[in-house]
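> Below is a structure I'd like to ask you about.
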Amino acid sequence: MSASLPGSRDLPVSQYDLGTYLGRVKHAVGLTDPSTLLAGTSGLERAKQLVTDYKMGKIASMTPELWHAKKVVDSTLHPDTGEPVFLPFRMSSFVITNLIVTAGMLQPGLQTPGIIAWQVANQSLNVAINSANANKSSPMSAATLAKSYAVAVSASCSVALGLNALVPRLRVAPATRNILSRLVPFAAVATAGALNAYLMRRGEIATGIDVRPVLSADQKKGLQEQGLSERDVPSLGRSRRAARLAVYETAASRVFNSSPIMIIPPMVLYHVQTRQAWYRNLMEGAYVSSRPRLAAGIPIGLNLVLIAATSFAVLPLALAVFPQQQEISADSLEDEFRGKGGLNGKVWFNRGL
């Protein structure tokens with residue numbers, strides 16, 4: 001991330017107004033842009049040099065080239081270590097990395113071994129991504145990571161297996177039962193994702209997180225003239241209420257992120273398989289021509305296309321639901337923060353991802 005590069009002059013946080021949902025969506029589109037994966041080592045070094053030149057005052061103002069360099073740097077480097085995040089676990093690679101696992105979980109008619117295997121694979125990937133992007137200044141212990149992983153896997157498998165056993169017993173129309181069975185992976189992933197986020201960050205609720213006063217434009221300008229940023233302002237203290245809000249919003253954002261991806265593709269695929277004549281003709285043609293592998297691959301390929309399209313479309317929308325730098329009235333926190341807010345009586349904290 002650009003903050004980890006040398007220089008006392010901060011780059012603007014974003015080209016867009018992060019106080020609005022639309023602005024946050026546009027910002028998230030840049031963070032998740034898979035084209036940044038093509039920069040390579042030489043492209044990253046050029047981007048780092050441009051950002052460093054700006055931070056050291058060698059470049060006067062932001063240009064389109066510098067904005068692109070910032071996007072490459074922010075999507076590649078870890079903010080604490082300044083080192084590149086392992087490529088498959090970057091946010092810009094999130095959709096691509098998750099594609100195969102998501103497609104596997106959404107296969108209709110999975111039996112118990114398949115359900116368990118794909119849920120384990122999904123949670124293993126979640127742990128790898130969370131670990132690669134974790135706060136390195138306050139690293140998670142191996143015991144906490146292992147416990148979070150075990151509980152998330154147990155929860156997702158229990159929900160998936162339990163609902164798979166329950167759905168066939170429901171007294172509903174066959175079509176309704178078929179639809180419900182395709183939504184089982186969503187329930188399992190949503191439950192595990194929210195639990196995983198809570199378990200991995202519940203320590204923050206116990207100890208609280210730092211809150212700082214919101215600064216006016218003049219105060220920010222004064223800090224910049226001193227080569228400082230908002231993060232250099234001393235913390236007002238650690239708030240457990242702010243921590244609860246940060247953790248609960250993060251857990252909710254995991255559900256928002258998985259919901260469209262786990263619901264839209266299976267519903268569209270079900271509609272195509274049961275209502276569209278062209279699909280039936282395609283499948284019949286595959287069987288008539290004695291191509292069973294083609295017949296088996298058609299629904300899988302269509303499912304992958306639907307998942308990829310949905311994922312790329314909704315990921316920025318889900319990431320933008322809650323601001324990462326959250327502002328809140330100081331009076332809504334613990335008594336020790338009352339009357340200590342900055343601009344409009346507010347304080348801010350980093351919600352995290």
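The values are calculated or read from the model by the stated rules, or taken from the named source; none is laboratory data. Since the model is a prediction, treat every value here as computed from it, not as a measurement. Neighbour counts run over all protein chains shown; Cβ positions are idealised from the backbone, glycine included. For accessibility, only protein heavy atoms count, side chains too; no ligands or nucleic acids. Shrake-Rupley method; radii C 1.70, N 1.55, O 1.52, S 1.80 Å.
> Consider region 33-58. How many of its residues are within 14 Å of D10 (Cβ to Cβ) and open to solvent by 40 Å² or more (accessible area, probe 1.4 Å)?
2
> When you scan region 204-222, do you find a residue that is modelled with pLDDT of 85 or more, open to solvent by 30 Å² or more (accessible area, probe 1.4 Å) and assigned to a helix (DSSP H, G or I), even just one?
Scanning region 204-222 turns up no residue that is modelled with pLDDT of 85 or more, open to solvent by 30 Å² or more (accessible area, probe 1.4 Å) and assigned to a helix (DSSP H, G or I).
> I need every pair where a residue in region 24-49 that is of a type in the set (V, I, T) has its Cβ under 7 Å from the Cβ of a residue that is at pLDDT 90 or above and surrounded by fewer than 17 Cβ atoms within 10 Å (Cβ to Cβ), sequence separation at least 6 or different chains.
Taking only residues 6 or more apart or on different chains, the pairs are V25/L317.
> Mind checking which pairs have a first residue in region 223-251 that is in the same structural domain as G203 (by the TED database) and a second that is in a helix (DSSP H, G or I) and modelled with pLDDT of 85 or more, Cβ under 7 Å, 6 or more apart or different chains?
Between residues of region 223-251 that are in the same structural domain as G203 (by the TED database) and residues that are in a helix (DSSP H, G or I) and modelled with pLDDT of 85 or more, the close pairs are L236/F337; G237/E336; G237/F337; S239/F337.
> Here's a follow-up. How about region 59-99: which of its residues are surrounded by fewer than 18 Cβ atoms within 10 Å (Cβ to Cβ), touching a residue at least 60 places away in the same chain (Cβ under 8 Å) and of a type in the set (V, I, T)?
T81, I96
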